[in-house]
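Heads up: the structure comes next, in structure tokens.
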Amino acid sequence: MRDLYTKSFDVAHPAAPAREKTEGTIHTAAMHRGHAYPPDLARYVEAHWPSETPLRVPHDLLCEALSVAFQASLAAEEGRPVRFRLLLTPFDDLPEAGAPNAGVLRLRFDPSRSLHADELRRLSPSVPFETALIGAQVEGEKLRVWGMAHSGPAWLAPSWGGRSLVPNWTYDPIIHATGPGQLAVRCAGTMVGGIERGVLVDALMDVFESAWLPALFAHERDVVRAEHAAQQAKKSSPTLVEHSLVGRVGQQMLRRAIQLVRGARHGGMILVLDTGASRSFDGVRLKYRLGQDEPSRRYRTLLFQILDGVSAATSKASVGWSDFAADASANLELLEQSIFELSRLIANLTAVDGAVVLDKRFGLLGFGAEVSAELPSPTCVWRATDPEGREREPYGIENVGTRHRAAYRFANDHPQGLAIVVSHDGGVTFVANREGEVVFWEQSVSP
């Protein structure tokens with residue numbers, strides 16, 4: 001959870017200030033007056049816990065769990081960073097996994113173990129963050145580690161790309177320790193609060209949830225919907241597709257590609273070109289240019305097969321993302337996996353020096369691309385502090401490496417394009433031209 005949409009909160013009082021939501025931006029009534037620590041996070045979580053769900057962990061034990069997790073996150077285990085999920089649900093309250101994705105596989109320690117930072121540090125390699133949790137419960141008025149729970153990776157679908165068909169199996173706090181001093185508390189998949197860079201935060205920076213990013217691909221969605229409507233017009237009861245379905249399939253493909261590049265730890269860059277522009281390739285030199293036939297445009301083929309499959313499964317006048325997400329048919333599952341194989345292909349191509357270049361319908365144009373150093377650099381770039389980029393702060397170009405500078409030059413010269421930069425350390429940056437200014441967003445990369 002390296003990159004968050006951070007807002008500051010007053011941590012001097014037991015309750016956090018009231019929030020007002022305006023146009024998707026979270027505002028607070030007070031500014032941060034110092035570094036936040038686990039007791040501050042505990043108070044914030046209690047004040048903002050979902051009202052329909054009881055918080056079953058007493059204040060003192062929640063403070064203890066957060067403090068222990070915080071200390072463990074600062075350590076290292078045999079040179080590896082300590083990352084884990086700490087589940088505060090009693091062993092007997094968890095649904096046993098009788099079938100895949102139906103619950104969790106519970107492994108109970110006999111006897112249970114004391115909850116302290118060294119114990120979490122030692123256990124962390126055996127409970128990978130993506131697939132397992134450390135379980136703790138109250139025993140004799142103290143928190144103790146009852147064992148571990150294997151959840152599998154399906155819970156990552158919303159942020160890693162894919163449909164989430166897995167029901168929530170607990171509404172108790174789950175503490176995510178994702179880096180040194182970086183904590184987040186979640187309830188049923190939703191972030192309640194966290195600590196990032198010493199500041200209380202309450203929302204993730206997710207560029208995919210912005211309005212400007214889908215607007216960048218609006219024309220392409222309209223073309224796809226028109227082509228599909230023309231095919232459906234031949235049927236007695238045509239079913240149209242909504243923007244949400246066309247847009248979200250592409251979004252999930254990109255999410256998965258980004259996560260795969262992050263996992264490879266070699267960094268990379270993806271450029272999305274507006275091939276309809278007269279100067280679409282200006283300043284971009286492709287070392288490996290791909291022929292523009294069906295294989296390089298395979299995403300389009302798979303997308304139309306998904307649209308046809310979702311449409312055929314209903315008698316509704318139109319279908320959207322929710323219809324696809326709820327359809328567990330084997331055919332759509334296979335098509336989704338084929339989309340993710342394209343994500344893997346894109347991620348693999350980023351291992352070559354240079355960028356992978358896509359058109360705005362996610363056709364593969366080539367890879368090993370170089371953004372010419374002769375393109376003019378922007379005089380200033382802006383760091384967005386909210387998903388829409390309405391709130392910005394100037395940022396020095398000299399503070400970044402060559403890959404980011406190339407992305408800035410590309411966005412400066414291609415106002416309808418998009419650059420996605422993945423750093424070696426796993427950081428993800430979106431770069432775009434907004435009203436003539438080069439703006440970048442530090443995308444949240446951990447659930």
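What does the helix-only formula give at 222 nm for the chain: each DSSP H stretch with n ≥ 4 adding -39500 (n - 2.57), the total divided by the residues, and the result rounded to the nearest 500 deg cm²/dmol? Show your work: numbers first, answer last.
On the way: 11 runs with 132 residues, N = 447.
When only DSSP H runs of four or more count, the value is -9000 deg cm²/dmol.
Given Cα pairs under 8 Å that are at least 6 residues apart, what percent is the relative contact order of the chain? List each step's numbers first, then the result.
Working: 892 pairs, mean separation 71.6, N = 447.
Dividing the mean separation by the residue count of the chain yields 16 percent.
Mind giving me the FRET efficiency for residue 76 and residue 109? R0 is 22 Å, r the Cβ-Cβ distance, nearest 0.05 is fine. If you can, show how the numbers build up before the last one.
Values: r = 24 Å, r/R0 = 1.07.
That pair, residue 76 with residue 109, gives E of 0.40.
Find the lysine pairs in the chain meeting two conditions, Cα atoms under 27 Å apart and a separation of 8 or more places or different chains, and report how many there are. Before the final figure, lay out the partial values.
Numbers: 7/21; 234/316; 235/316; 287/360.
Taking the Cα cut-off of 27 Å, the pair count is 4.
Based only on Cα atoms, what mean projected area does the convex hull of the chain have, in nm²?
Working: hull surface 93.2 nm².
Average projection, Cα convex hull of the chain: 23.3 nm².
Give the range of the longest stretch in the chain that excludes all GluC sites (Glu not before Pro) found in loop regions by DSSP and having at most 11 other beta-carbon atoms within 10 Å. Please list the in-between numbers first.
Working: sites that count: 23, 52, 78, 141, 374, 435.
That gives 142-373 as the longest site-free run.
Could you work out the mean projected area of the convex hull around the alpha carbons of the range 216-294, in square nanometres to one decimal? Spell out each step's value before the answer.
Values: hull surface 31.0 nm².
About 7.7 nm², averaged over all directions.
Kirkwood Rh over Cα pairs of the range 299-447 into Stokes-Einstein at 25 °C, 0.890 mPa s: D in µm²/s?
Details: Rh = 17.7 Å.
Estimated via Stokes-Einstein, D reaches 139 µm²/s.
Could you list the residues of the range 282-325 with an amide nitrogen less than 12 Å from a label point located 7 Å from the Cα of residue 345 in the Cα-to-C-beta direction?
290-303
In square angstrom, what is the accessible area per residue of the chain with a 1.4 angstrom probe?
Details: 19830 Å² over 447 residues.
I get 44 Å² per residue for the chain.
Quantify, in whole percent, the carbon and sulfur part of the accessible surface of the chain (1.4 Å probe; protein heavy atoms only).
Working: 10270 of 19830 Å².
Carbon and sulfur atoms account for 52 percent of the accessible area of the chain.
Which longest run of the chain has no exposed loop site in it, a site being trypsin sites (Lys or Arg not before Pro) in a DSSP loop with at most 15 other beta carbons within 10 Å, and the site itself not part of the run?
Formally, the longest exposed-site-free interval is 57-196.
The values are calculated or read from the model by the stated rules, or taken from the named source; none is laboratory data. Worth saying up front: this structure is predicted, and the values here are computed from it rather than measured. We place every Cβ from the backbone using ideal geometry, glycine too, and count neighbours over all the protein chains shown. Note: accessible area is taken over every heavy atom of the protein model, side chains too, but ligands, DNA and RNA are not part of it. Shrake-Rupley method; radii C 1.70, N 1.55, O 1.52, S 1.80 Å.
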